[in-house]
Amino acid sequence: MYFRKKTSAGRSYLQIVESRRDGDQVRQQVIATLGRFEALQASGQLERLLRSGARFAEKAMVLGAIQDDAALTATVRHIGPALVFERLWEETGCWAVIEELAGARKHGFALERAMFLTVLHRLMGGGSDRAAERWREDYRIAGMADLELHHLYRAMAWLGEELPASEQDGRTPFAPRCLKDLVEERLFAQRRDLFTRLDLVFMDTTSLYFEGEGGQTLGRRGYSKDHRPDLKQMILAVLIDDDGRPVCSEMWPGNTTDVTSLVPVVDRLSRRFSIGRICIVADRGMISAETIAALEARGLLYILGVRERSDKLVREVVLADDAPFVPLAMAKRNKETDYGAKAVMLGKQRYIVCVNHQEAAKDAAERQSILASLARQLKKGDKALVGNTGYRRFLMTEGSGHFAIDRAKAEEDAKLDGIFVLRTNTDLNPLHAMLRYKQLTSVEQTFRTEKHLFATRPIFHKLDETIRGHVACSFLALVLKAELEERIDGPKSTVKGPRRGAWPEILADLDSLTETLIEQDGKRFLVRSAPRPAASLALRAAGVALPPTVRSAADTDA
């Protein structure tokens with residue numbers, strides 16, 4: 001049955017009509033004519049009639065109560081983050097792996113739920129574990145009712161706990177094997193059925209400083225990339241495969257140098273993941289003669305960045321090679337970049353000289369701007385120029401004791417415009433090697449995510465195991481982030497139709513998806529908000545269906 005407005009002789013009447021099937025025909029029968037539509041509307045009778053019927057239709061009653069402000073709103077909770085990331089938490093294997101490893105112990109609380117809460121908190125804003133315990137009150141996350149702050153601390157300590165001495169085979173000189181290592185290894189094994197090879201590994205490191213002492217062994221003073229030499233720090237390394245998926249993380253004392261860490265990590269990789277042949281891609285800070293010799297002695301492949309400005313052999317011999325570059329044009333985000341690459345052999349050593357022509361033009365323009373500004377400053381006096389590093393590299397001292405522009409230095413500098421040099425023992429063609437190395441930028445982006453978007457800092461924990469567990473939760477957050485991005489934009493994307501939404505937009509739109517608990521006449525209902533575009537994108541990618549707009553709260557934990 002339905003309402004119908006019937007117009008007759010210029011007047012409109014409201015009728016209740018029922019459709020009936022008579023053989024192959026569908027016929028309408030007027031059950032009742034309620035009166036002239038305009039009169040019913042003007043008198044308010046139509047509204048009262050619908051309200052009266054709404055007593056027998058719960059959803060309509062709730063919506064009417066909201067309009068009249070007659071309902072009691074108990075609470076509003078965010079539901080988007082848990083809907084998407086709990087599905088990914090399960091499908092990446094995180095849930096099963098943690099349950100399996102924790103199952104033999106009697107923790108007395110839902111350890112897996114505590115871990116998921118911490119990981120979800122990192123994804124949605126981050127901060128301390130104390131902040132996560134307060135944060136969860138505004139979110140609908142299953143199984144959180146009985147969790148307390150000390151449960152989160154215990155979960156962190158469990159994740160960073162050292163394995164028994166019998167399971168320390170393959171540890172590095174800088175750190176023991178921990179439970180978080182078992183989690184990483186089993187997560188890798190979970191997807192190894194689909195991704196059976198790990199031929200290419202990208203590695204980069206960063207430092208994380210501590211507000212406190214930084215544990216018993218991790219907190220040490222060393223070269224601070226955060227420009228906080230006054231604080232103790234730890235070194236964090238993340239290794240990523242060529243699909244952009246996190247493989248594992250490493251945590252070392254803050255005085256560990258990059259050049260000493262690469263080879264032990266490579267040795268450890270082979271044991272941890274049963275890998276036969278690896279190609280390591282690493283940045284300039286990890287290269288040294290000893291490092292390269294150790295990699296070659298192990299029969300490992302590598303593509304390493306070279307310090308072309310400070311390496312005299314590269315600067316004077318490799319860059320002097322006059323062979324032409326092989327060109328390559330790449331388009332990204334509607335912007336085309338022109339590259340070139342060529343191989344240069346120096347005895348048995350193979351170098352790849354690469355050039356980014358757009359960066360070369362930018363470098364040339366910046367140098368010309370510096371030289372023009374320097375010429376103007378020299379006319380005014382040269383006393384204040386020595387302390388300016390941008391100026392100082394183009395200055396020379398004349399016989400009079402005054403400064404002048406060193407044109408020879410400017411010409412030498414021009415030879416490096418847009419240039420970067422690699423050293424490799426692979427037989428990849430120059431363009432392929434260059435593209436592999438450029439994938440290292442995804443690792444650098446990962447570190448920006450790790451330190452800022454996930455807000456791993458501040459770290460207030462006092463024990464090594466809780467510090468390791470705290471940081472390892474950020475690694476698990478990276479696993480979920482990479483999975484969602486792969487489903488949205490990767491070559492095996494599950495999303496159909498138009499795609500939109502950067503990562504901050506996805507998080508913001510998921511956070512805006514809420515449910516409001518409403519109570520009316522002793523009955524409780526949940527009213528869901530409409531999803532924004534980026535939230536809809538993430539929900540489709542994760543394969544999650546939204547709950548009804550209005551539903552009874554009788555069977556929920558609201």
Ignoring ligands, DNA and RNA, please state the percent of accessible area on the range 91-171 from carbon and sulfur, probe 1.4 Å.
47 percent
Most to least packed among 368-379, 148-159 [average Cβ atoms within 10 Å]
148-159, 368-379
In the range 103-144, which residues have a backbone nitrogen under 16 Å from the label point lying 7 Å from Leu231's Cα in the Cα-to-Cβ direction?
127-129
Counting only other residues whose beta carbon sits under 9 Å from that of Ala414, what net charge do I get with K and R as +1, D and E as -1?
-3
Rolling a 1.4 Å sphere over the protein heavy atoms, what is the accessible area per residue of the range 286-349, to the nearest Å²?
63 Å²
Along each principal axis, Cα extent of the range 111-233, largest first, Å:
47, 41, 30
One finds the C-alpha centres of the range 77-98 and the range 304-356 to be spaced, in Å, by 44 Å
For Ser19 and Ala42, FRET efficiency with R0 = 35 Å and r from the beta-carbon atoms, rounded to 0.05?
0.75
Share of the range 242-370's accessible area from carbon and sulfur, percent, 1.4 Å?
49 percent
Ignoring ligands, DNA and RNA, what accessible area per residue does the range 87-191 give at 1.4 Å, in Å²?
42 Å²
Per-peptide average of other Cβ atoms within 10 Å, ordering 534-543, 469-478, 87-96, 220-229 highest first:
469-478, 534-543, 87-96, 220-229
Under the Kirkwood approximation for Rh and a Cα-based Rg, what ratio Rg/Rh is obtained for the range 72-142?
1.01
Spin-label pair His357/Glu137, simplified geometry with 7 Å Cα→Cβ offset, distance in nm:
6.1 nm
If you take every DSSP beta bridge whose two residues both sit in the range 203-330, what share of them, in percent to the nearest 5, is antiparallel?
75 percent
Quarter of the Cα convex hull surface for the range 281-365, i.e. its orientation-mean projected area (nm²):
7.2 nm²
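The values are calculated or read from the model by the stated rules, or taken from the named source; none is laboratory data. Keep in mind the model is a prediction, meaning the values are calculated, not measured. Virtual Cβ from ideal backbone geometry, glycine too; neighbours counted across all protein chains shown. The accessibility values were calculated without ligands, DNA or RNA, using every heavy atom of the protein model including side chains. Shrake-Rupley method; radii C 1.70, N 1.55, O 1.52, S 1.80 Å.
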